[in-house]
Amino acid sequence: MWNGSELKAKGKAAMKANYGIALVVSFILSVVGGAATGGSMGSSAGSSASEAANSFKELGLDSETVTAIVLAILGTVLVVAVVGLVLDIFVLNPLEVGCQNFFLRNTDAPGELGDLSRGFSPSWMNNVGTLFLRDLFLI
């Protein structure tokens, strides 16, 4: 069994041997991980519904126009969310597998930037399915 100092020494040696590429892969992994989580912002409504209705009337908008605008915005948000979800499942998750594979291979020999593509071949659908189930479980 390994102890902490042996693991630390092995990690330092692996990083020294391939520091530049490891830094780039770490950056890619952080961007991929950050893109998948995204941030959410909340807002508090400062006016009541009747005040909002009066504001729309002052602008010359009737209720049908306001409804059409709201539905268009909701439709756009839904399309963007679905495209983001598909991108996450089929591209970002396999890229995450490739980044993890790079660091795993980097422990024994200097890893290469080409290791990032290993998440896409030959078991791409297995990676997609497994990470989809992981994300589903986490949700």
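Is it the case, given these coordinates, that residue 98 is over 30 Å from residue 18 (Cα atoms) and free of Cβ contacts under 8 Å to residues at least 40 places away in the same chain?
no
Limited to the range 101-139, what total is found for residues that are free of Cβ contacts under 8 Å to residues at least 12 places away in the same chain, closer than 25 Å to residue 21 by Cβ and basic (Lys, Arg)?
Number satisfying all stated conditions: 1.
Could you identify the single residue in 131, 61, 87, 95 that is among the aliphatic types (A, V, I, L, M), outside any helix (DSSP H, G or I) and either surrounded by 11 or more Cβ atoms within 10 Å (Cβ to Cβ) or in contact with a Pro (Cβ under 6 Å, 6 or more places away or on another chain) (or both)?
61
Of all residues in the range 40-79, how many are modelled with pLDDT under 85 and under 23 Å from the mean Cα position of the chain (by Cα)?
Of the residues in that region, 3 qualify.
Here is a list of conditions, (1) modelled with pLDDT under 90; (2) assigned to a helix (DSSP H, G or I); (3) not small (Gly, Ala, Ser), and residue 110 meets all of them except one; can you say which number that is?
Exception for residue 110: condition (2).
So, residue 92, is that one closer than 17 Å to residue 136 by Cα and out of contact with any Ser or Thr (no Cβ under 7 Å at 6 or more places or on another chain) or not?
yes
Only one of these conditions is not met by residue 82: (1) of a type in the set (A, V, I, L, M, F, W, C); (2) modelled with pLDDT of 70 or more; (3) farther than 30 Å from residue 118 by Cα; (4) part of a helix (DSSP H, G or I). Which number is it?
Checking residue 82 against (1) of a type in the set (A, V, I, L, M, F, W, C); (2) modelled with pLDDT of 70 or more; (3) farther than 30 Å from residue 118 by Cα; (4) part of a helix (DSSP H, G or I), the one that fails is (3).
The values are calculated or read from the model by the stated rules, or taken from the named source; none is laboratory data. Here the structure is a predicted model, which means the values were calculated and not measured. Every residue, glycine among them, receives a Cβ derived from its backbone with ideal geometry; neighbour counts consider all protein chains shown.
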